[in-house]
């Protein structure tokens, strides 16, 4: 047993350490600094081991901290009408019941289980018991600080706070023993990743029972909730026998893990299937154009669902929201002053909104998955003239697609500004509309330029560019930070227009200069 | 016409995959490129097709003693996994290709003539390519690569996973196409290489070398090839 423990942890750790080292190699600058024989370097391995250990600690404490702070303690703060210790215990009890079958660790298929028990043929019983024992230990150790800290803060008696983690572990053990007995009797394996509808329904009912009664002023009395918790300790001890003596761990794991090898590339298959699903099967779609315009028109028409339809839907939502604000000012004239002031200073906020509503990433992803991924393997398609011609056409299309919601939003904001009290300087209206449109232009060019300059995918549709990923994250972070920026409309608007126009010019020059070399399949 | 490779080299970090390759391919021949797994066959093709930058060396065409660079349209590259634009029908893909390459295609035929040539049934011609079978996609890919009559045709395991009828059709097609061009055919199937190719070239230790058949019979020739391949220990 001890040997299994040592072997299985060293296997899990090796797998984790190698994943960390692999991830390090994906970071653009580090990639050139790190040696090729990365996995042999002792210093790096020690560093990755430290990270792996930290991750283990995080998995013990951080997730439980989040669970307690958000689901039990945090939401419990909302219920002012019921005694705080009682609402704490009430919520925790029902969530514990859900966790007992939704988070078993015994019935969840994972890669490390697959590697150990199927590929390396380790003894399934010892492996499962060692890991299950460790998972239960993590539950108790991870829960204890939070039941003590937050339970005591909410006024739960100390003795109960100390026993609660054992009750949680007992509940998990009891459900595990029940599921194992069920396998012995009926041969059915409890699969945590494929729960039945009835189980989901039960989860819904338990969630309602956890959160609704306290809102209505009803919670279980202390004696009842304590009793319902403590009962799991003897139940767990009895179940322990069943779990330890169970003889069919290899059989249930074989069934549980049979899907793991196919799951490993199922994400890739799912992306491909989703991309193909986006292609319209409408046979009436044709085009009278020639060459690249012909290719483009068929592409846009056959991808209407993900390009134009969603853009029009977003435009519709923007129109409804703007009308809503206009109506609100009509009904509540006192709101006008606030809205007017927001309108005059909140323009940076719209950078984030436009980031969200633009179709740039959807467009480039569909372009790659359904078009460029295959055509880039043909030499005629990779000629500089072809690449640039198609870039022009595509830029025009994505600008049109993004411009519709931007125009609706821009006109809506102009109307809102006018209706909320207007402005002395009519230039404000012009700048407002122009800046929203230029932001839309920016996102159109930005995503297409990144796609052409960093083309991140391989022929197998695997994304291989760390730089592309970083550029994507940076775009998000900058737009997110814009939300906190409050600047006068005219100042931000003019700066924004100038930036967007300059950026677009630079981006186009870069594409013309470099795309013929960079727009290739990654190898 | 000759296709000449001079001092071509490529390394991935510590591993040298192509080591100063010097080789001359001659017009009208099908070359069977054999090598162990990981020997660098696909890397060689990627470098020749300029999908990957070589570390050094050059390659060019020599026509009537005149040397010229290999242009993109000189090369047709057929991958083992057929890649075709899924959102187009077979007919649309062919029309698009002919639109773009109209200037360079000598005596173009009608779309249906091309489909007939490749034995693609009339009812399949207006289907979306995403609904084509593996073999049909492969035929479309081959068709588009040969219409423009490239001087050099690179084929990376193109007959793998085709049914016997389609594979036989493809072999016939390749034989009929070999005049006037250089065909470089990579495969792991030795019998296929012996059946189809005029010359057997080994990619071993990062270099190319011809295996001379001289006066050996088929069995002895096979043994010589396998013995040569076995020399590359770290495949």
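The values are calculated or read from the model by the stated rules, or taken from the named source; none is laboratory data. Bear in mind that the values here come from a model prediction, so they are computed numbers and not experimental data. Every residue, glycine among them, receives a Cβ derived from its backbone with ideal geometry; neighbour counts consider all protein chains shown.
Descriptive notes on the structure:
- Restricting A:448, A:437 to those that are under 14 Å from residue A:358 (Cα atoms) and surrounded by fewer than 22 Cβ atoms within 10 Å (Cβ to Cβ) reduces the list to A:437.
- Lone qualifier among A:30, A:57, A:62 - being away from every other protein chain (no Cβ under 14 Å), exposed (fewer than 13 other Cβ atoms within 10 Å of the Cβ) and at pLDDT below 80: A:30
- Test for residue A:409: is it surrounded by fewer than 19 Cβ atoms within 10 Å (Cβ to Cβ) and in the same structural domain as residue A:375 (by TED's automatic domain parsing): no
- Extreme residue, nearest to residue A:240 (Cα to Cα), among residues of segment A:135-149 that are in contact (Cβ under 8 Å) with a residue 40 or more places away in the chain and surrounded by fewer than 17 Cβ atoms within 10 Å (Cβ to Cβ): A:141
- Considering the conditions (1) at positive phi; (2) within 13 Å of chain A (Cβ to nearest Cβ), residue B:7 is excluded by exactly one of them, (2).
- Qualifying residue in segment A:379-396 (condition: in contact with a strand residue (DSSP E or B) (Cβ under 7 Å, 6 or more places away or on another chain) and at pLDDT below 90): yes
- Segment A:410-434, residues that are touching a residue at least 60 places away in the same chain (Cβ under 8 Å) and closer than 18 Å to residue A:356 by Cα: A:412, A:413
- Flag if residue B:119 is within 11 Å of another protein chain (Cβ to nearest Cβ), modelled with pLDDT under 90 and exposed (fewer than 15 other Cβ atoms within 10 Å of the Cβ): no
- Any chance residue A:279 is within 14 Å of chain B (Cβ to nearest Cβ), at pLDDT 85 or above, touching a strand residue (DSSP E or B) at 6+ places or on another chain (Cβ under 9 Å) and not in a helix (DSSP H, G or I): yes
- Number of the condition not met by residue A:270 [criteria: (1) at pLDDT 85 or above; (2) more than 14 Å from chain B (Cβ to nearest Cβ); (3) farther than 23 Å from residue A:428 by Cβ]: (1)
- Among residues of segment A:371-408, those that are out of contact with any helix residue (DSSP H, G or I) (no Cβ under 8 Å at 6 or more places or on another chain) and more than 9 Å from chain B (Cβ to nearest Cβ), counted: 4
- Exactly one residue out of A:287, A:225 is touching a residue at least 12 places away in the same chain (Cβ under 8 Å), in contact with a helix residue (DSSP H, G or I) (Cβ under 8 Å, 6 or more places away or on another chain) and within 14 Å of another protein chain (Cβ to nearest Cβ): that is A:287.
- Test for residue A:299: is it within 9 Å of chain B (Cβ to nearest Cβ), under 30 Å from residue B:149 (Cα atoms) and surrounded by 16 or more Cβ atoms within 10 Å (Cβ to Cβ): yes
- Condition met for residue A:505 (over 30 Å from the mean Cα position of the chain (by Cα) and either surrounded by fewer than 15 Cβ atoms within 10 Å (Cβ to Cβ) or farther than 30 Å from residue A:424 by Cα (or both)): yes
- Residue list for segment B:122-165, filter: outside any helix (DSSP H, G or I), more than 13 Å from chain A (Cβ to nearest Cβ) and more than 17 Å from the chain's Cα centre (by Cα): B:133, B:163
- For residue A:81, the criteria (1) crowded, with 16+ Cβ neighbours inside 10 Å; (2) assigned to a loop (DSSP other than H, G, I, E, B) hold in every case but one, which is (1).
- The sole residue among B:111, B:61, B:79 that is under 20 Å from residue B:129 (Cβ atoms) and more than 11 Å from chain A (Cβ to nearest Cβ) is B:111.
- In this entry, residue A:130 is excluded by the filter for residues that are surrounded by fewer than 17 Cβ atoms within 10 Å (Cβ to Cβ), at negative phi and assigned to a helix (DSSP H, G or I).
To keep it simple, each residue is scored yes or no on (1) more than 19 Å from the chain's Cα centre (by Cα); (2) farther than 24 Å from residue B:43 by Cα; (3) surrounded by fewer than 16 Cβ atoms within 10 Å (Cβ to Cβ); (4) touching a residue at least 60 places away in the same chain (Cβ under 8 Å).
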position: B:167; (1), (2), (3), (4): no, yes, no, no
position: B:216; (1), (2), (3), (4): yes, yes, yes, no
position: B:224; (1), (2), (3), (4): yes, yes, no, no
position: B:229; (1), (2), (3), (4): yes, no, no, yes
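- Failed criterion for residue B:69 (all others in (1) under 29 Å from residue B:192 (Cβ atoms); (2) over 16 Å from the mean Cα position of the chain (by Cα); (3) surrounded by fewer than 20 Cβ atoms within 10 Å (Cβ to Cβ); (4) within 14 Å of another protein chain (Cβ to nearest Cβ) hold): (1)
- Evaluation of residue A:377 against the conditions (1) under 27 Å from residue A:300 (Cβ atoms); (2) assigned to a helix (DSSP H, G or I) shows that the sole unmet condition is (2).
- One residue from A:263, A:242 being at pLDDT 90 or above and closer than 30 Å to residue A:182 by Cα: A:242
Okay, residues lined up against (1) more than 23 Å from residue A:398 (Cβ to Cβ); (2) surrounded by 13 or more Cβ atoms within 10 Å (Cβ to Cβ):
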| residue | (1), (2) |
| --- | --- |
| A:471 | no, yes |
| A:475 | no, yes |
| A:494 | yes, yes |
| A:497 | no, yes |
| A:513 | no, no |
| A:516 | no, yes |
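- Annotation note: of A:350, A:368, A:299, the sole residue that is touching a residue at least 40 places away in the same chain (Cβ under 8 Å) and touching a strand residue (DSSP E or B) at 6+ places or on another chain (Cβ under 6 Å) is A:368.
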